[in-house]
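S.K.: Sharing a structure below in structure tokens format, with a few things to ask.
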Amino acid sequence: MQTKITLSLVLTALSYTSMLQAAESVALDTVVVDESAESNMEATVAPDTLAGVQSYSEAGIKTFSAQANTSALKGINMSPSVSFNSVDAFGSNESSFHDPMRIRGKNQSGPGGVLTVEGLPLNSNPGGGKTIYDMENFAYVDLYKGYMPVDKSLGFSNLIGKVDLIIDRPKNSFAVQLSQMAGSDNAARTFMRVDTGKMGDVSAFGSFSYTQGDKWKGDGDLERYNGMLGFAYTPNDRFKSELYVIMNKDTHNNYYQMTYEEASDLDTYYDKDYGKDATKAAYADYNKQKFEDTAVMANIEYAFAEGSKVSFKPYYLHDKGEYWFDTAPSNPANTAVKHWQIDHDLFGGVAQYEQKILEALRLKLGYWMHWQQPPGPPTDQELYDVSSGTPVYTKTAIQAETDYHEFNSPFIEFSGENSGFSYVAGLRYLNFRLAGIDNYKNGSIDPLSSVDAKIYREWLPSLYLAYAPQENLHFYTDYTRSYGYDVNLFPFYVSNQKQGQNFAAKGISLQQLWDKQQPELSDNFDLGMTYNTGGITLNPNLFFTRVTGKQASLYDAEYDVVYPTNNADAMSYGFELTASGAATSYLDFMVSGSYNRYYYTEDLQTGATKTASIKGNQIPDAPKYMANAAVTYHEGGWQLTPSLRYYSERYGDVDNTQKISGATLVDIDGSYTYKKLWAFKEATFRVTMTNLFNRQYISSIITPDNALAANTTKTSYQAGAPFGVYAGIALKF
């Protein structure tokens with residue numbers, strides 16, 4: 001069948017990587033892909049055109065996710081206003097649970113990851129669930145930055161948008177894929193996938209990968225095993241059932257976190273990392289993480305008639321592992337390390353009914369159920385002293401028991417098109433139960449630091465409108481309300497119960513502060529157009545966001561204390577422009593730029609007589625200016641793509657005193673593909689060079705948005721990887 005996949009200009013831009021060789025464009029921002037062999041459960045009654053959605057296909061992912069192919073976020077980094085600055089080539093190393101991903105300046109709040117799979121929130125953060133997916137097993141990736149349909153915005157948080165992975169389903173014919181990569185710092189990756197083809201009404205695939213590599217500085221390495229199984233049962237055109245299972249094991253050492261002084265002198269400190277002295281917390285083997293994850297998802301569909309379908313998608317994720325980290329990385333004499341143990345589950349399901357009533361009226365009804373155990377907040381942390389050369393237990397930092405965070409969320413959506421007009425109008429009701437906490441002190445429950453469960457209820461509307469006065473011109477506008485919730489209050493209270501704010505001495509319980517908390521809400525607006533002329537497509541886009549209930553450490557006059565609370569307001573606005581297309585029959589290009597202002601709209605009261613004058617300052621780690629460019633030369637089997645990414649200066653504090661210089665990074669990807677080489681259906685040889693000019697730069701700024709210069713321990717910095725070369729071969733049978 002023919003399935004319509006919505007695209008925006010970035011997909012069009014990436015077409016120069018040959019990702020759409022089997023595609024036929026039928027509208028400016030819509031591509032029809034022939035999926036007669038592998039049907040796509042995502043689009044049957046869905047609207048045809050959503051200009052705010054950006055899609056990256058398999059070839060685009062290969063080109064722009066560089067060498068490792070284990071991180072979906074590296075593959076979308078060429079999108080305007082998207083900033084993902086991984087500290088290494090794999091996209092998997094991060095400090096503790098920090099996720100260095102920002103969309104339009106905003107970062108994710110709480111234990112809610114930005115990734116989804118087929119719209120399902122199969123993601124663990126903190127924990128090991130962020131890089132459990134081999135990208136070879138996904139047909140394309142959808143990026144939602146502002147507008148989000150009601151069934152694509154699920155999860156603990158959707159504050160900044162969603163990155164949705166669409167599975168490359170079991171193929172109808174027997175097929176084998178093999179690939180091998182090797183490169184800088186002993187990097188190596190082996191991947192294999194075997195598709196059985198149709199066996200009666202059943203088809204299946206299985207894949208396995210092994211990834212390894214040394215850190216590019218200091219001691220330590222990465223080792224990752226991954227396996228995935230997929231099964232499809234399609235006895236007729238009306239019924240389909242699918243099951244997918246993923247198992248992942250990841251162990252790696254983290255990179256050193258710099259102070260601002262060190263980050264300001266990269267000539268001296270660029271190569272500084274955790275060391276070899278086992279009597280100090282800065283020892284490499286005391287700063288690591290290890291996780292094992294199992295993910296299961298299914299899809300059951302039944303079509304009553306053409307344009308009418310019911311579906312159910314259950315899912316489950318188990319995440320077990322640990323972080324070890326230096327409690328004071330800025331203090332070289334520190335001997336205290338923290339051991340954070342994680343063992344949690346999340347599970348749920350989405351039931352959905354779709355009905356095409358008229359071309360101008362389609363109906364979608366659904367219900368999302370979700371349960372998720374903490375962490376978020378942490379529940380099991382211990383302190384160790386390493387002055388003897390081995391970790392010796394000191395005390396328990398946090399020992400708590402919780403139940404599940406619970407979500408129940410019905411939704412409805414109407415969509416259609418007529419006479420050049422198209423629309424999608426959705427409404428989702430969120431019933432969110434934040435888990436209660438029983439915190440233990442000396443073996444018994446501490447009533448001061450324990451809290452009851454709390455319920456939040458929110459209406460989440462969304463609206464998309466488009467008009468095409470002519471075939472090559474589309475105007476669109478959209479609105480979505482998104483949500484998030486930070487869970488920092490509990491660990492902050494525990495660590496300050498008898499020191500700092502001294503809540504216990506003042507007789508202030510966590511429940512009193514807990515009752516004041518509210519979710520963070522973001523109202524997101526877009527206004528844009530797409531215009532195609534002579535094979536070149538232009539996509540200007542204006543965006544505006546109003547944020548309420550943003551977290552900051554604020555003074556509470558009622559209790560005369562300062563603590564993190566969702567009670568501040570912020571705003572962002574900006575502009576994005578993308579131009580792309582075919583300059584000649586063998587030369588394609590894409591260039592994009594964005595401007596983003598993101599700031600608190602008020603000063604922060606940080607004490608009874610103290611105010612932080614930060615109104616209007618750019619929020620940390622949010623560059624105002626970003627630009628991307630790429631050109632692809634393709635002739636015969638040859639393809640060469642140099643690409644450039646630029647981001648302007650950023651700050652490590654909301655005072656805007658800790659300035660980090662901008663950077664321009666250049667990568668180059670080259671490949672040659674043989675068709676029908678010996679016994680192979682296809683053989684591709686690829687060489688990728690990253691950070692071509694060996695630029696020293698800061699990749700990740702680890703900081704909350706309200707970090708003040710007066711509290712410099714809140715911000716740390718990580719250097720980006722130097723020049724790297726990676727070569728690989730991919731074979732298809």
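S.K.: Residues being outside any loop (DSSP other than H, G, I, E, B), more than 20 Å from ASP293 (Cα to Cα) and charged (D, E, K, R): count how many of those fall in region 197-226.
M.R.: The total comes to 1.
So that you can scan it fast, the table gives a plain yes or no per residue for (1) among the hydrophobic types (A, V, I, L, M, F, W, C); (2) crowded, with 17+ Cβ neighbours inside 10 Å; (3) out of contact with any Lys or Arg (no Cβ under 8 Å at 6 or more places or on another chain):
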| site | (1), (2), (3) |
| --- | --- |
| THR584 | no, no, yes |
| ASN596 | no, yes, no |
| THR606 | no, yes, yes |
| LYS610 | no, no, yes |
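S.K.: Just to verify a result, which residue in region 540-578, among those that are small (Gly, Ala, Ser) and under 24 Å from ASN524 (Cβ atoms), is farthest from the chain's Cα centre (by Cα)?
M.R.: Per the criteria, the residue is ALA568.
S.K.: Answer yes or no as to whether SER419 is on the phi > 0 side of the Ramachandran plot and free of Cβ contacts under 8 Å to residues at least 12 places away in the same chain.
M.R.: Against the criterion (on the phi > 0 side of the Ramachandran plot and free of Cβ contacts under 8 Å to residues at least 12 places away in the same chain), SER419 qualifies.
S.K.: Looking at region 615-640 only, could you name the residues that are of a type outside the set (S, T, N, Q), assigned to a loop (DSSP other than H, G, I, E, B), in contact with a strand residue (DSSP E or B) (Cβ under 8 Å, 6 or more places away or on another chain) and surrounded by fewer than 22 Cβ atoms within 10 Å (Cβ to Cβ)?
M.R.: Hits for region 615-640 are LYS615, GLY616, LYS624, GLY637.
This table checks each residue for (1) at pLDDT 90 or above; (2) surrounded by fewer than 21 Cβ atoms within 10 Å (Cβ to Cβ); (3) β-branched (Val, Ile, Thr); (4) part of a strand (DSSP E or B).
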position: TYR476; (1), (2), (3), (4): yes, no, no, yes
position: TYR479; (1), (2), (3), (4): yes, yes, no, yes
position: TYR483; (1), (2), (3), (4): yes, no, no, yes
position: LYS506; (1), (2), (3), (4): no, yes, no, no
position: THR548; (1), (2), (3), (4): yes, yes, yes, yes
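S.K.: Check every one of the strands (runs of 3 or more DSSP E) wholly within region 112-196 and list those with 1 or more residues that are closer than 30 Å to ARG457 by Cβ and of a type in the set (D, E, K, R).
M.R.: The strands (runs of 3 or more DSSP E) meeting that bar are 138-144, 162-167.
S.K.: Under 6 Å between Cβ atoms, which residue pairs at least 6 apart in sequence (or on different chains) link something in region 478-494 that is free of Cβ contacts under 8 Å to residues at least 24 places away in the same chain with a partner that is buried (at least 23 other Cβ atoms within 10 Å of the Cβ) and part of a strand (DSSP E or B)?
M.R.: none
S.K.: If you don't mind, another one. Which one of these does GLY275 not meet: (1) under 28 Å from the mean Cα position of the chain (by Cα); (2) over 29 Å from MET369 (Cα atoms); (3) surrounded by fewer than 19 Cβ atoms within 10 Å (Cβ to Cβ)?
M.R.: Only one criterion is unmet by GLY275, namely (1).
S.K.: Please state which of the following conditions GLY227 fails to meet, knowing it meets all the rest: (1) surrounded by fewer than 18 Cβ atoms within 10 Å (Cβ to Cβ); (2) closer than 26 Å to SER700 by Cβ; (3) not hydrophobic (A, V, I, L, M, F, W, C).
M.R.: (2)
S.K.: Residues that are hydroxyl-bearing (Ser, Thr, Tyr) and over 21 Å from ASN706 (Cβ atoms): does region 533-555 have at least one?
M.R.: yes
S.K.: Let me ask another. All but one of (1) at pLDDT below 90; (2) under 21 Å from the mean Cα position of the chain (by Cα) hold for ALA627, so report the exception by its number.
M.R.: (1)
S.K.: Another one. Restrict the check to region 536-549 and report whether at least one residue is within 22 Å of LEU434 (Cα to Cα) and among the polar types (S, T, N, Q).
M.R.: Yes: one or more hits.
S.K.: Does TYR353 satisfy the criteria of being closer than 27 Å to ILE167 by Cα, modelled with pLDDT of 95 or more and surrounded by fewer than 15 Cβ atoms within 10 Å (Cβ to Cβ)?
M.R.: no
S.K.: Right, next: Go through (1) surrounded by fewer than 22 Cβ atoms within 10 Å (Cβ to Cβ); (2) under 30 Å from the mean Cα position of the chain (by Cα); (3) farther than 19 Å from PRO374 by Cβ for ALA466 and report which single condition fails.
M.R.: Going through the list (1) surrounded by fewer than 22 Cβ atoms within 10 Å (Cβ to Cβ); (2) under 30 Å from the mean Cα position of the chain (by Cα); (3) farther than 19 Å from PRO374 by Cβ, ALA466 breaks only (1).
S.K.: Can you pull out the residues in region 641-668 that are touching a Pro at 6+ places or on another chain (Cβ under 8 Å) and part of a strand (DSSP E or B)?
M.R.: Within region 641-668, TYR647, ARG650, TYR651, VAL666, ASP667, ILE668 meet the criteria.
S.K.: If you don't mind, another one. Taking region 577-623, which residues are under 30 Å from TYR633 (Cα atoms) and either small (Gly, Ala, Ser) or modelled with pLDDT of 95 or more (or both)?
M.R.: Selection gives ALA579, SER580, GLY581, ALA582, ALA583, SER585, SER592, GLY593, SER594, TYR595.
S.K.: Another question about this same structure. Name every residue in region 425-437 that is under 23 Å from GLY376 (Cβ atoms) and surrounded by 18 or more Cβ atoms within 10 Å (Cβ to Cβ), in order of residue number.
M.R.: Hits for region 425-437 are ARG428, LEU430, PHE432, LEU434, ALA435, ILE437.
S.K.: Something else about it: Residue check: is VAL337 farther than 30 Å from ALA232 by Cβ, of a type in the set (A, V, I, L, M, F, W, C) and buried (at least 16 other Cβ atoms within 10 Å of the Cβ)?
M.R.: Answer is yes for this residue.
S.K.: Further question on the same structure: Report every pair of residues separated by at least 6 positions or lying on different chains whose Cβ atoms are under 7 Å apart, first residue within region 385-401 and aromatic (Phe, Trp, Tyr), second surrounded by 17 or more Cβ atoms within 10 Å (Cβ to Cβ).
M.R.: Every condition considered, the pairs that remain are TYR393/GLU382; TYR393/TYR384.
S.K.: Still on this model: May I ask you to list pairs of residues, at least six apart or on different chains, whose Cβ atoms are under 6 Å apart, with the first in region 688-708 being closer than 29 Å to GLN551 by Cα and surrounded by fewer than 21 Cβ atoms within 10 Å (Cβ to Cβ) and the second being of a type in the set (Lys, Arg) and modelled with pLDDT under 85?
M.R.: If the second residue must be of a type in the set (Lys, Arg) and modelled with pLDDT under 85, no pairs are left.
S.K.: Would you confirm, using the coordinates I've provided, whether TYR493 is part of a strand (DSSP E or B) and surrounded by 20 or more Cβ atoms within 10 Å (Cβ to Cβ)?
M.R.: Here the answer is no, as TYR493 does not meet what is asked.
S.K.: Any residue at all in region 207-223 that is within 21 Å of the chain's Cα centre (by Cα) and surrounded by fewer than 21 Cβ atoms within 10 Å (Cβ to Cβ)?
M.R.: No, the conditions are met nowhere in region 207-223.
S.K.: So, in region 520-544, of the ones that are out of contact with any helix residue (DSSP H, G or I) (no Cβ under 9 Å at 6 or more places or on another chain) and aliphatic (A, V, I, L, M), which residue ends up farthest from ASN566 (Cα to Cα)?
M.R.: Checked region 520-544; the qualifying residue farthest from ASN566 (Cα to Cα) is ILE536.
The values are calculated or read from the model by the stated rules, or taken from the named source; none is laboratory data. This structure is a prediction, so every number in the text was calculated from the model and none was measured. Every residue, glycine among them, receives a Cβ derived from its backbone with ideal geometry; neighbour counts consider all protein chains shown.
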